[in-house]
Amino acid sequence: MKSNDLGEAVADDITIEVPTHEDWDDIYAMFSAGINIDGDPQSREAERELFEPARSLVARSGGRVVGTLGCNTRQIAVPGAVIPAAHGCRGAVSPAARRQGLLTKLMRRHFEDARALGEAITLCWASEARIYHRFGYGLSIRRIGLNVNSREVTLPPGKGQGRIVEGTPADLREALVKVYDQVYAEQPGWSERTEAHWDYRLADLMSMRAGASALRVVLHEGDGGVDGYALWRVRSNWTGNGPIGQVELVEQVSTTPEAYDALWRFLLTVDLTRSVTTWSCSVDEPLFYWVEEPRQLAAHLCDALWIRVVDVAKALESRRYATPVDVVIDVTDEFMPVNTGRWRLTGSPESATCVPTSDPADLACDIRALGALYMGGTSIRTLAGTGLVRELTPGALAAAAPAFGWHRSPSAFELF
């Protein structure tokens, strides 16, 4: 045994390898066990279609898969741009192989590979946040979960004369793709969807239903055609006093306020239901300002996407900035020392550059702060309150704060 730079014991016989398609069954079984589920054949086959062996890693000990870290090659919308990003997934270590430095090895290789491929950031949904802090991830997007008491929510008069159209996911898929593609590039935190991603999104696996109905779809048609949709399920339930069913909203996407209004009216008035739940919506969801009693939304706040900047210069010049900014940032990155140093960021709503510099720093920050700031939904002043950002030049914090924001709050609702 030996120790890595995080002080963990590392087994001598562990190897990190790039898997092949033939390794998928072992990877799926090991990952399922690692997150304490049994897995099932239907899910295994559906997820196989998104498996990218060349972007994945496995840890082997004695020829057995004891750790895994996957990656999906996708683009993601960030403030003012769409960029390639490593979508990290299936990160787990076998229970018997923990505390041996496997995840550290996998993460280091994952970061290096992403950087070599020109991806400035890698991102993930965290099973436990404490795992990712130590590898330099920052909490970039938060989500709001809702459990709406639909019989106690009062809505204002409707806005439009459009109509709701029902259909199956297969029949309406073309319309869903069209609406999503109109929106995603302008919404920080939303990722592109290829045909394979749509296949998985609409697969309607039994494990996704968890006892609820099959996936349902409604479209909204306005004056200009289809301008919104909702993917949803319903969970039937009855008591001695009658029905208390629940609508489970998977995702709602709209290009106009009229579509948003009409789709939520539909969801809140489905027959035989008394509530609507959704696990992830934006922290500034319009619904909060639309209903007369927002307490009846029963909102709860949680973390969503975590971002790790693996190439400081490329990451900071790939996004845009809400106001002009010219600042020198002294970055500390213990896990990837290549990012450590002083960087001059010059940015605006139209363009940005970031280059190494020997000029005195205006701000100093840990690499986690750049990940937290990246999508525009985290205040740099908030991070200064935690010590992740320090002001070295008086006034630098106030000058930089508005620049790192954005006119659309980031959101995320798609697990990968």
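Taking every Cα-Cα distance in the range 301-388 and sorting them into 10 Å bins from zero, the calculated P(r) comes out as 17, 54, 27, 3, 0 percent. Considering only Cα atoms, the convex hull volume of the chain works out to 158 Å³ per residue. With R₀ set to 56 Å, the beta-carbon distance separating residue 272 from residue 109 gives a calculated FRET efficiency near 0.60.
GNM, the chain, Cα, under 10 Å: largest mean-square fluctuation among 155, 249, 146? Top of the fluctuation ranking is 155. Near the amide H of residue 148, within less than 5 Å, lie the amide hydrogens of 276, 277, 278, all on another chain or at least 5 residues away, with H placed in the peptide plane.
In this structure the range 255-404 gives 42 Å² per residue of accessible area when probed at 1.4 Å with all protein chains present.
The stretch between residue 174 and residue 379, if pulled fully straight at 0.36 nm per residue, gains 70.0 nm over its current Cα-Cα span. Candidates 277, 267, 246 compared by Cα position along the dipole of the range 238-304: farthest toward the positive end lies 246, with charges placed on Cβ. Our estimate of slack between residue 300 and residue 214, defined as 0.36 nm per intervening residue step minus the Cα-Cα distance, is 28.3 nm. With runs of 4+ DSSP H residues as the only contributors, calculate the mean residue ellipticity of the chain at 222 nm using -39,500 (n - 2.57) per run, divided by the residue total and rounded to the nearest 500. Roughly -7500 deg cm²/dmol at 222 nm, from the helical runs in the chain.
Treating each Cα of the range 1-127 as an identical point scatterer and summing with the Debye formula, the log10 of I(q)/I(0) at q = 0.22 Å⁻¹ comes to -1.34. 3J(HN,Hα) along the range 88-98, derived from phi through the Karplus expression 6.51 cos²θ - 1.76 cosθ + 1.60 where θ = phi - 60°, amounts to x, 7, 6, x, 6, 10, 4, x, 7, 10, 5 Hz, with x in place of Gly and Pro. Sorting the segments 156-162, 120-126 by their mean number of nearby beta carbons within 10 angstrom, highest to lowest, gives 120-126, 156-162. Computed over the range 106-234, the P(r) tail beyond 19 angstrom holds 69 percent of alpha carbon pairs.
Looking at the range 215-295, the pairs of alpha carbons with a distance over 17 Å make up 50% of the total. 3J(HN,Hα) along the range 154-160, derived from phi through the Karplus expression 6.51 cos²θ - 1.76 cosθ + 1.60 where θ = phi - 60°, amounts to 9, 10, x, x, x, 9, x Hz, with x in place of Gly and Pro.
Site-free segments of the chain were taken between GluC sites (Glu not before Pro) in DSSP loops having at most 10 other Cβ atoms within 10 Å, sites themselves excluded; the longest one is 129-291.
For the chain, the Cβ-based charge dipole about the Cα centre amounts to some 820 debye (Lys, Arg positive; Asp, Glu negative; other atoms uncharged).
Multiplying the residue separation of residue 48 and residue 338 by 0.36 nm and removing their Cα-Cα distance gives an extension gain of 101.0 nm.
The values are calculated or read from the model by the stated rules, or taken from the named source; none is laboratory data. None of the values given here were measured: they were computed from a predicted structure. Backbone-built Cβ (ideal geometry, glycine too); neighbour counts: all protein chains shown. Surface accessibility is based on the protein's heavy atoms, side chains included, excluding ligands, DNA and RNA. Shrake-Rupley method; radii C 1.70, N 1.55, O 1.52, S 1.80 Å.
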